[in-house]
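Undergrad: Right, I'll just put the structure down here and ask away after.
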Amino acid sequence: MREILKIYVNSYENLTPHSIPNLINCLHKNFVFVDPFNTIKGKENFELFLEKMFSRVKNPKFKIKFTLKKKNQVLIKWNFKCLALKNKIDFDGVSEVILKDNKVFKHIDYWDSGRNIYGKIPLLGFIFRKIHK
């Protein structure tokens, strides 16, 4: 299982539109991805999700800060940067990854959507920035 985790983490750090298949090859046939905006079931749907990400934001880049592993569960601390809606996006998050049958079965992202996304939108962003002070 350690090898698939290395490949998975490396695939995220080096993710490009052309390298998406490297990441997809790490996934279990019943893969599930969850973040503050999405619940995606299936490898094919996740691949479409990643392709859309590259069409909607410029220069998305993940930097893995560290991983903690216990049996089949992994916590991954990361930083994400991109350019979206003329705004520089830069924030940290944590992913909970569950391994099954030597593949990534479930990936759940935890990050603050209010501060990191809604806070960048004019007018609405003003409200969220006041809340987070």
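Where a number appears in this text, it was derived from the coordinates with a stated rule and is not lab data. This is a predicted model, so every value here is computed, not measured. Here the Cβ is made from the backbone with ideal geometry for all residues, glycine too, and neighbour counts use every protein chain on show.
Undergrad: Each residue of the range 80-86 in turn: what ³J(HN,Hα) in whole Hz from Karplus with 6.51, -1.76, 1.60 and θ = phi - 60°, glycine and Pro shown as x?
TA: My calculation for the range 80-86 gives 10, 10, 6, 10, 9, 6, 6 Hz in order.
Undergrad: For the range 29-45, list residues with backbone N below 12 Å from a point placed 7 Å from the Cα of GLU13 toward its Cβ?
TA: none
Undergrad: Another question about this same structure. Could you tell me which chymotrypsin sites (Phe, Trp or Tyr not before Pro) in the range 2-78 are loop residues by DSSP with no more than 15 other beta carbons within 10 angstrom of their beta carbon? Write out the running numbers ahead of the final one.
TA: Numbers: sites: TYR8, TYR12, PHE31, PHE33, PHE37, PHE46, PHE49, PHE54, PHE62, PHE66, TRP78; in loops: PHE37.
Sparse-neighbourhood loop chymotrypsin sites (Phe, Trp or Tyr not before Pro): PHE37.
Undergrad: Which pairs, out of LYS41/LYS69; LYS6/LYS86; LYS61/LYS100; LYS29/LYS86; LYS86/LYS106, put more than 28 Å between their alpha-carbon atoms? Please report the intermediate quantities before stating the final value.
TA: Details: LYS41/LYS69 24 Å; LYS6/LYS86 33 Å; LYS61/LYS100 26 Å; LYS29/LYS86 36 Å; LYS86/LYS106 32 Å.
Violating the 28 Å Cα-Cα cut-off are LYS6/LYS86; LYS29/LYS86; LYS86/LYS106.
Undergrad: What does the charge count around PRO21 come to, taking other residues whose C-beta lies under 14 Å from its C-beta (Lys +1, Arg +1, Asp -1, Glu -1)? Walk me through the numbers on the way to the answer.
TA: Details: positive: LYS43; negative: GLU44, GLU47, GLU51.
Combined, the nearby Lys, Arg, Asp and Glu give -2.
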